[in-house]
1. Among the listed residues 80, 51, 74, 63, identify the single one that is over 21 Å from the mean Cα position of the chain (by Cα), crowded, with 18+ Cβ neighbours inside 10 Å and under 29 Å from residue 155 (Cβ atoms).
2. State all residues of the range 277-302 that are exposed (fewer than 14 other Cβ atoms within 10 Å of the Cβ) and under 30 Å from residue 376 (Cβ atoms); if no residue qualifies, say none.
3. Does any residue in the range 344-356 that is closer than 10 Å to residue 246 by Cα come within less than 7 Å, Cβ to Cβ, of a residue that is at pLDDT 80 or above and aromatic (Phe, Trp, Tyr) six or more places away or on a different chain, and which pairs are these?
4. Go through the range 391-435 and give me each residue that's over 16 Å from residue 273 (Cα atoms), of a type in the set (S, T, N, Q) and modelled with pLDDT of 70 or more.
5. Any residue in the range 415-435 that's of a type in the set (Phe, Trp, Tyr): show its pairings with residues that are modelled with pLDDT under 65 at Cβ separation under 8 Å, as long as the two are six or more apart or on different chains.
6. Just checking, does the range 143-156 include any residue being crowded, with 16+ Cβ neighbours inside 10 Å and at pLDDT below 90?
7. Take the residues in the range 245-261 that are surrounded by 13 or more Cβ atoms within 10 Å (Cβ to Cβ) and at pLDDT 75 or above, then tell me which one is farthest from residue 323 (Cα to Cα).
Amino acid sequence: MFTTFFSWFQPIINAFKTPDLRKKILYTFFILLIYRIGVAIPVPYIDAYNFSGILESNAGSMFEYLNLLSGSAFSMATLFALGISPYITSSIVMQLLTVAIPALERLQKEGPEGQKKIAQITRYVTVALALITSYGYYMMLSKYGLLTVEGFFPAIIIVTCYCAGSAIVMWFGERINEKGIGNGISIILFANIVSGSFDAVTTIRNYFGKHTLMGYLTPIIAIIIGIAMIYFIVFITESERRLPIVYAKRVIGRKMYGGQNSNLPIKLNMSGVMPVIFANSILAIPATLAMIITPKDGSFWDKTVNFLSSNSWFYPFILFVLIIAFGYFYITISFNPIEVANNLKNNGGSIPGIRPGRPTAEYITRVLNKITLIGSLFLSVVAIAPIIANIITDHAISGIAFGGTSLLIVVGVALETARDLAAQMSIRGYRGFLQ
């Protein structure tokens with residue numbers, strides 16, 4: 001386990017020895033530094049001094065999840081309070097529309113030019129969602145009496161600031177994609193969650209300060225469980241099913257090609273943490289709409305919002321179903337068994353005992369469905385276990401309600417970034433060898 005843990009940092013150490021990779025890493029840290037400064041920039045006409053206390057009274061709710069994704073900016077009502085939530089929701093909407101609308105599907109298959117057009121449409125959708133969410137956030141601030149000045153002009157300023165903050169965060173993510181290391185949005189999510197880990201450290205320190213048997217045992221048990229979960233997540237994430245591939249021998253001219261044995265690796269958790277993020281973002285929609293349309297006590301809308309809140313027993317169930325559904329959906333749009341089977345057939349490769357072409361595609365699909373189910377069940381268990389524990393204990397341990405989700409994101413992004421660094425180091429190594 002410790003060997004795997006330290007292997008995460010080895011690519012970073014090696015990358016700092018390469019000038020261009022060092023620039024990318026430093027550029028990424030610079031963007032994150034600017035982002036964290038933006039998290040602390042206040043918005044005019046808002047006094048959010050008591051807002052964090054209001055959110056704590058709703059511990060375990062969806063607002064806690066939104067606060068987690070924004071790096072505590074949501075609870076402080078600062079410039080980046082909406083964080084990357086509008087961009088994530090926009091990406092989900094565009095991926096769904098790409099499957100449903102033939103014109104967008106054609107754009108996706110056009111290569112880089114089509115991808116640029118889809119990315120541009122995603123930006124427009126992000127701004128539209130940010131505008132709607134900003135207004136809802138303003139209404140919530142007004143509801144809790146956190147506005148210092150009421151009126152049309154302050155409302156315009158506040159909504160504009162939050163909408164602009166979301167656009168800036170989206171721009172930060174794209175700059176990291178272009179000039180930095182790893183996926184920009186994932187890196188920002190990682191930074192936000194890690195910044196909130198200091199609260200967990202404070203909680204553990206307070207437990208030790210009680211000088212009782214449970215005061216010492218509780219944080220120690222929590223740390224042991226956390227380390228075990230990290231090891232379990234890494235183990236599942238790195239696990240893969242390898243399909244054997246045999247290439248037929250071919251004689252071209254005076255040379256013989258093929259006749260080699262290889263394998264087709266299929267990750268057990270190929271979709272990563274995206275199904276969890278997608279599922280939580282979808283379930284955050286009712287809470288977001290409740291900011292705009294304040295439900296009356298006892299009304300149908302009020303019962304619907306409470307029914308879909310993370311404090312209800314229905315929430316873990318629907319989250320479980322959505323994670324599995326999005327797991328299959330993400331695999332469907334990212335992995336094409338027919339294309340893989342055709343590539344194997346064209347290159348003279350085949351799976352032993354399976355005919356090339358359509359039978360190979362059907363076999364890969366069956367294997368992929370089984371693997372996707374196992375990976376989705378793993379994600380679901382890790383994500384909903386803390387939520388169920390929070391409900392069973394009557395929110396006594398509400399601080400861990402979204403602990404599984406945050407742990408999945410942190411470990412997933414760390415592994416993804418380490419692999420990206422290792423791949424770029426490998427490319428530069430081969431380039432230097434050829435030169």
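The values are calculated or read from the model by the stated rules, or taken from the named source; none is laboratory data. Quick caveat: nothing in here was measured; it's all calculated off a predicted structure. Neighbour counts run over all protein chains shown; Cβ positions are idealised from the backbone, glycine included.
1. Working: 80 fails: over 21 Å from the mean Cα position of the chain (by Cα); 74 fails: over 21 Å from the mean Cα position of the chain (by Cα); 63 fails: over 21 Å from the mean Cα position of the chain (by Cα).
Step by step, each of 80, 51, 74, 63 is checked, and only 51 is over 21 Å from the mean Cα position of the chain (by Cα), crowded, with 18+ Cβ neighbours inside 10 Å and under 29 Å from residue 155 (Cβ atoms).
2. The answer is 285, and nothing else.
3. Sorted first by the residue in the range 344-356, then by its partner, the pairs are 351/363.
4. 424, 426
5. Sorted first by the residue in the range 415-435, then by its partner, the list stays empty.
6. Taking the range 143-156 first, the residues crowded, with 16+ Cβ neighbours inside 10 Å are 146-147, 154-155.
Filter once more, keeping what is at pLDDT below 90: 146-147.
Yes; the residues of the range 143-156 include at least one that is crowded, with 16+ Cβ neighbours inside 10 Å and at pLDDT below 90.
7. Pass one, the range 245-261, residues surrounded by 13 or more Cβ atoms within 10 Å (Cβ to Cβ): 245-248, 257-258.
Filter again for at pLDDT 75 or above, leaving 245-247.
Values: 245: 31, 246: 35, 247: 37 Å.
Ranking the qualifying residues of the range 245-261, first place goes to 247.
Condition check ((1) in contact with a helix residue (DSSP H, G or I) (Cβ under 9 Å, 6 or more places away or on another chain); (2) polar (S, T, N, Q); (3) farther than 19 Å from residue 33 by Cα) across all residues:
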site	(1), (2), (3)
101	no, no, yes
112	no, no, yes
117	yes, no, yes
134	yes, yes, yes
142	yes, yes, yes
145	no, no, yes
149	no, no, yes
157	no, no, yes
163	yes, no, yes
